Amino acid sequence: MPLKLLVLASGRGSNVDRVARSIKEGKLDCEIAAVVTNVEDAGVIEIAAKHELPCYVVPSRSLKRRQHEEQLLAFLDEKGLTRATIDFVLLAGYMRILTGHFLAAFKEESASGAYFRVVNIHPSLLPSFTGATAYADAFAAGVAVSGVTVHLVDEEVDHGPILAQAPFFRKEGDDFESFACRGLDLEHILLPAVLSRLAELGPNFELSSLPFDMGGLSG
Ligand code: GRF
(Lines give C-alpha, C1' and ligand atoms only; values in the text may rest on other atoms or scores of the structure.)
Protein backbone atom coordinates (compact mmCIF):
# COMPACT_ATOMS: atom_id res chain seq x y z
CA MET A 1 0.00 0.00 0.00
CA PRO A 2 1.49 3.37 -0.93
CA LEU A 3 2.14 5.80 1.90
CA LYS A 4 -0.63 8.41 1.83
CA LEU A 5 0.54 12.01 2.13
CA LEU A 6 -1.31 15.24 2.73
CA VAL A 7 0.92 18.12 1.60
CA LEU A 8 0.76 21.59 3.16
CA ALA A 9 2.69 24.24 1.22
CA SER A 10 2.81 28.02 0.91
CA GLY A 11 5.29 28.78 -1.87
CA ARG A 12 6.61 27.86 -5.28
CA GLY A 13 6.27 24.10 -4.75
CA SER A 14 9.54 22.76 -6.14
CA ASN A 15 9.65 20.04 -3.46
CA VAL A 16 6.07 18.99 -4.24
CA ASP A 17 7.03 18.91 -7.92
CA ARG A 18 9.96 16.62 -7.19
CA VAL A 19 8.01 14.28 -4.93
CA ALA A 20 5.12 14.05 -7.43
CA ARG A 21 7.61 13.34 -10.23
CA SER A 22 9.31 10.57 -8.25
CA ILE A 23 5.88 9.00 -7.64
CA LYS A 24 4.96 9.24 -11.34
CA GLU A 25 8.26 7.69 -12.37
CA GLY A 26 7.53 4.74 -10.08
CA LYS A 27 10.51 5.53 -7.84
CA LEU A 28 8.52 6.40 -4.74
CA ASP A 29 5.72 4.31 -3.25
CA CYS A 30 3.63 7.23 -2.01
CA GLU A 31 0.37 8.87 -2.99
CA ILE A 32 -0.37 12.57 -2.57
CA ALA A 33 -3.98 12.60 -1.41
CA ALA A 34 -4.17 16.40 -1.62
CA VAL A 35 -2.17 19.60 -1.58
CA VAL A 36 -3.46 22.35 0.69
CA THR A 37 -2.05 25.84 0.62
CA ASN A 38 -2.74 28.84 2.82
CA VAL A 39 -1.70 31.31 0.06
CA GLU A 40 -4.21 32.13 -2.71
CA ASP A 41 -1.60 32.68 -5.43
CA ALA A 42 1.09 30.21 -4.36
CA GLY A 43 3.12 28.65 -7.18
CA VAL A 44 2.36 25.23 -5.74
CA ILE A 45 -1.22 25.51 -7.08
CA GLU A 46 0.10 25.31 -10.65
CA ILE A 47 2.48 22.50 -9.72
CA ALA A 48 -0.44 20.52 -8.25
CA ALA A 49 -2.49 21.13 -11.43
CA LYS A 50 0.44 19.93 -13.57
CA HIS A 51 0.46 16.65 -11.64
CA GLU A 52 -3.37 16.47 -11.52
CA LEU A 53 -3.36 16.52 -7.73
CA PRO A 54 -6.38 17.76 -5.78
CA CYS A 55 -5.41 21.19 -4.50
CA TYR A 56 -7.27 23.43 -2.08
CA VAL A 57 -6.73 26.88 -0.64
CA VAL A 58 -7.51 27.51 3.01
CA PRO A 59 -6.43 31.14 3.32
CA SER A 60 -4.63 32.26 6.46
CA ARG A 61 -4.38 35.95 5.65
CA SER A 62 -5.46 38.15 8.58
CA LEU A 63 -6.35 35.10 10.68
CA LYS A 64 -4.86 34.34 14.07
CA ARG A 65 -2.95 31.07 14.22
CA ARG A 66 -5.64 29.24 16.23
CA GLN A 67 -8.46 30.50 14.00
CA HIS A 68 -6.68 29.32 10.85
CA GLU A 69 -5.84 25.95 12.37
CA GLU A 70 -9.48 25.45 13.32
CA GLN A 71 -10.59 26.28 9.77
CA LEU A 72 -7.94 23.99 8.34
CA LEU A 73 -8.88 21.08 10.62
CA ALA A 74 -12.58 21.53 9.83
CA PHE A 75 -11.78 21.60 6.11
CA LEU A 76 -9.63 18.47 6.30
CA ASP A 77 -12.34 16.72 8.26
CA GLU A 78 -14.94 17.62 5.65
CA LYS A 79 -12.69 16.23 2.90
CA GLY A 80 -11.92 13.06 4.85
CA LEU A 81 -8.23 14.00 5.06
CA THR A 82 -7.69 12.87 8.63
CA ARG A 83 -5.46 10.60 10.68
CA ALA A 84 -7.74 7.73 9.63
CA THR A 85 -6.83 8.13 5.94
CA ILE A 86 -3.49 9.95 5.91
CA ASP A 87 -0.16 8.38 6.93
CA PHE A 88 1.86 11.60 7.06
CA VAL A 89 1.29 15.31 6.67
CA LEU A 90 4.19 16.70 4.64
CA LEU A 91 5.16 20.33 5.19
CA ALA A 92 6.87 21.34 1.96
CA GLY A 93 7.56 25.01 2.41
CA TYR A 94 4.57 25.59 4.68
CA MET A 95 5.22 29.01 6.18
CA ARG A 96 2.86 28.81 9.16
CA ILE A 97 3.91 27.56 12.56
CA LEU A 98 1.66 24.67 13.60
CA THR A 99 0.61 24.51 17.25
CA GLY A 100 -0.12 21.49 19.41
CA HIS A 101 -3.79 22.03 18.59
CA PHE A 102 -3.30 21.06 14.94
CA LEU A 103 -0.56 18.52 15.63
CA ALA A 104 -2.77 16.59 18.09
CA ALA A 105 -4.97 15.53 15.16
CA PHE A 106 -2.00 13.55 13.78
CA LYS A 107 -0.62 12.15 17.02
CA GLU A 108 0.81 8.66 17.12
CA GLU A 109 1.65 6.55 20.17
CA SER A 110 4.42 4.15 19.27
CA ALA A 111 6.27 1.63 21.44
CA SER A 112 9.25 4.01 21.43
CA GLY A 113 7.22 7.12 22.37
CA ALA A 114 4.62 9.55 21.08
CA TYR A 115 5.15 11.71 18.02
CA PHE A 116 3.17 13.57 15.40
CA ARG A 117 2.80 12.19 11.90
CA VAL A 118 3.95 15.48 10.44
CA VAL A 119 7.17 15.73 8.40
CA ASN A 120 8.98 18.97 7.60
CA ILE A 121 11.85 19.79 5.28
CA HIS A 122 14.12 22.51 6.61
CA PRO A 123 17.00 24.11 4.69
CA SER A 124 19.76 23.83 7.32
CA LEU A 125 21.47 21.31 9.54
CA LEU A 126 19.16 21.63 12.54
CA PRO A 127 19.48 22.67 15.31
CA SER A 128 21.51 25.39 13.52
CA PHE A 129 19.65 28.12 11.63
CA THR A 130 16.01 27.65 12.50
CA GLY A 131 13.48 30.06 10.97
CA ALA A 132 12.30 31.20 7.57
CA THR A 133 15.61 32.50 6.19
CA ALA A 134 17.94 29.59 6.93
CA TYR A 135 19.96 29.66 3.66
CA ALA A 136 20.50 33.42 4.00
CA ASP A 137 21.44 33.09 7.67
CA ALA A 138 23.88 30.23 7.06
CA PHE A 139 25.45 32.04 4.10
CA ALA A 140 25.78 35.29 6.07
CA ALA A 141 27.35 33.40 8.98
CA GLY A 142 30.06 32.18 6.58
CA VAL A 143 29.66 28.48 7.37
CA ALA A 144 31.83 26.08 5.36
CA VAL A 145 29.23 23.32 5.65
CA SER A 146 25.46 23.65 5.72
CA GLY A 147 22.79 21.14 4.86
CA VAL A 148 19.22 20.01 4.79
CA THR A 149 17.11 18.32 7.47
CA VAL A 150 13.94 16.26 7.20
CA HIS A 151 12.32 15.88 10.61
CA LEU A 152 9.16 15.03 12.46
CA VAL A 153 7.48 18.16 13.74
CA ASP A 154 6.81 18.90 17.40
CA GLU A 155 5.43 21.97 19.21
CA GLU A 156 8.71 23.88 18.91
CA VAL A 157 9.66 25.70 15.71
CA ASP A 158 11.91 23.69 13.33
CA HIS A 159 12.33 21.03 15.98
CA GLY A 160 11.49 17.38 16.54
CA PRO A 161 12.98 13.94 15.91
CA ILE A 162 15.37 14.06 12.97
CA LEU A 163 14.54 11.62 10.18
CA ALA A 164 17.63 12.42 8.12
CA GLN A 165 20.17 15.10 7.33
CA ALA A 166 22.56 15.69 4.45
CA PRO A 167 25.34 18.27 4.19
CA PHE A 168 26.38 20.51 1.33
CA PHE A 169 29.53 22.55 1.11
CA ARG A 170 30.24 26.19 0.46
CA LYS A 171 32.48 26.49 -2.59
CA GLU A 172 35.00 29.13 -3.44
CA GLY A 173 33.31 31.98 -5.31
CA ASP A 174 29.82 31.03 -4.05
CA ASP A 175 27.34 33.86 -3.85
CA PHE A 176 24.08 33.49 -1.97
CA GLU A 177 22.24 32.25 -5.09
CA SER A 178 24.69 29.47 -5.91
CA PHE A 179 24.88 28.46 -2.23
CA ALA A 180 21.08 28.29 -1.83
CA CYS A 181 20.70 26.55 -5.20
CA ARG A 182 23.06 23.77 -4.10
CA GLY A 183 20.95 23.38 -0.97
CA LEU A 184 17.66 23.23 -2.88
CA ASP A 185 19.05 20.61 -5.28
CA LEU A 186 19.94 18.54 -2.21
CA GLU A 187 16.43 19.01 -0.76
CA HIS A 188 15.06 17.54 -3.99
CA ILE A 189 17.16 14.41 -3.45
CA LEU A 190 16.86 14.04 0.32
CA LEU A 191 13.09 14.48 0.64
CA PRO A 192 12.06 11.71 -1.81
CA ALA A 193 14.77 9.46 -0.31
CA VAL A 194 13.38 9.92 3.22
CA LEU A 195 9.78 9.43 2.06
CA SER A 196 10.88 6.28 0.31
CA ARG A 197 12.39 5.01 3.57
CA LEU A 198 9.16 5.79 5.41
CA ALA A 199 7.19 4.00 2.70
CA GLU A 200 9.43 0.93 3.05
CA LEU A 201 8.97 0.90 6.82
CA GLY A 202 5.22 1.29 6.44
CA PRO A 203 2.99 3.49 8.52
CA ASN A 204 3.91 1.62 11.71
CA PHE A 205 7.11 3.43 12.19
CA GLU A 206 9.27 3.46 15.34
CA LEU A 207 11.19 6.46 16.67
CA SER A 208 13.96 4.14 17.80
CA SER A 209 15.04 3.62 14.17
CA LEU A 210 16.01 7.30 13.75
CA PRO A 211 17.87 8.99 12.23
CA PHE A 212 18.03 7.12 8.94
CA ASP A 213 21.44 6.41 7.49
CA MET A 214 21.40 8.12 4.10
CA GLY A 215 24.62 6.48 2.98
CA GLY A 216 26.74 9.63 2.96
CA LEU A 217 24.36 11.58 0.69
CA SER A 218 25.65 15.14 0.21
CA GLY A 219 25.44 18.10 -2.12
C1 GRF B 1 12.44 24.98 0.88
O2 GRF B 1 13.71 25.59 0.93
C3 GRF B 1 12.12 24.23 2.16
O4 GRF B 1 13.26 23.65 2.74
C5 GRF B 1 11.61 25.32 3.04
O6 GRF B 1 10.82 26.14 2.19
C7 GRF B 1 11.32 26.02 0.86
C8 GRF B 1 10.18 25.59 0.00
O9 GRF B 1 10.53 25.56 -1.35
N10 GRF B 1 10.89 24.79 4.18
P11 GRF B 1 9.52 24.97 -2.43
O12 GRF B 1 8.20 25.70 -2.25
O13 GRF B 1 9.38 23.50 -2.17
O14 GRF B 1 10.14 25.27 -3.76
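The values are calculated or read from the model by the stated rules, or taken from the named source; none is laboratory data. Given the structure is predicted, the values throughout are model-derived calculations rather than measurements. For the accessible areas, the whole protein counts, side chains as well, though only heavy atoms, and no ligand, DNA or RNA atoms are used. Shrake-Rupley method; radii C 1.70, N 1.55, O 1.52, S 1.80 Å.
Accessible area of Glu177 (1.4 Å probe, protein heavy atoms only, ligands and nucleic acids ignored): about 120 Å². Over all directions, the projected convex hull of the C-alpha atoms in the chain averages 11.9 nm² in area.
Among the protein heavy atoms of the chain, carbon and sulfur supply 52% of the accessible surface, probe 1.4 Å, non-protein parts ignored. Across the range 132-149, rounded Karplus estimates of 3J(HN,Hα) from the backbone phi angles (6.51 cos²θ - 1.76 cosθ + 1.60, θ = phi - 60°) give 7, 10, 4, 4, 5, 5, 5, 5, 5, 6, x, 5, 7, 10, 10, x, 9, 10 Hz, Gly and Pro being marked x. So how much slack lies between Glu46 and Glu31, counting 0.36 nm per residue of separation and subtracting their Cα-Cα distance, in nm? My answer for the length gained is 3.6 nm.
Separation of the range 190-219 from the range 89-132 is 15 Å, based on Cα centroids. For the range 152-158, putting each phi into the Karplus relation 6.51 cos²θ - 1.76 cosθ + 1.60 with θ = phi - 60° gives couplings of 7, 8, 10, 6, 8, 6, 6 Hz, in residue order, rounded to whole numbers and with x for Gly and Pro.
Principal-axis analysis of the Cα atoms of the chain puts helix 176-201 at an angle of about 50° to the longest axis.
Sequence-ordered 3J(HN,Hα) estimates for the range 61-66 from the Karplus curve with 6.51, -1.76 and 1.60 and θ = phi - 60° stand at 3, 6, 9, 5, 3, 5 Hz, glycine and proline given as x.
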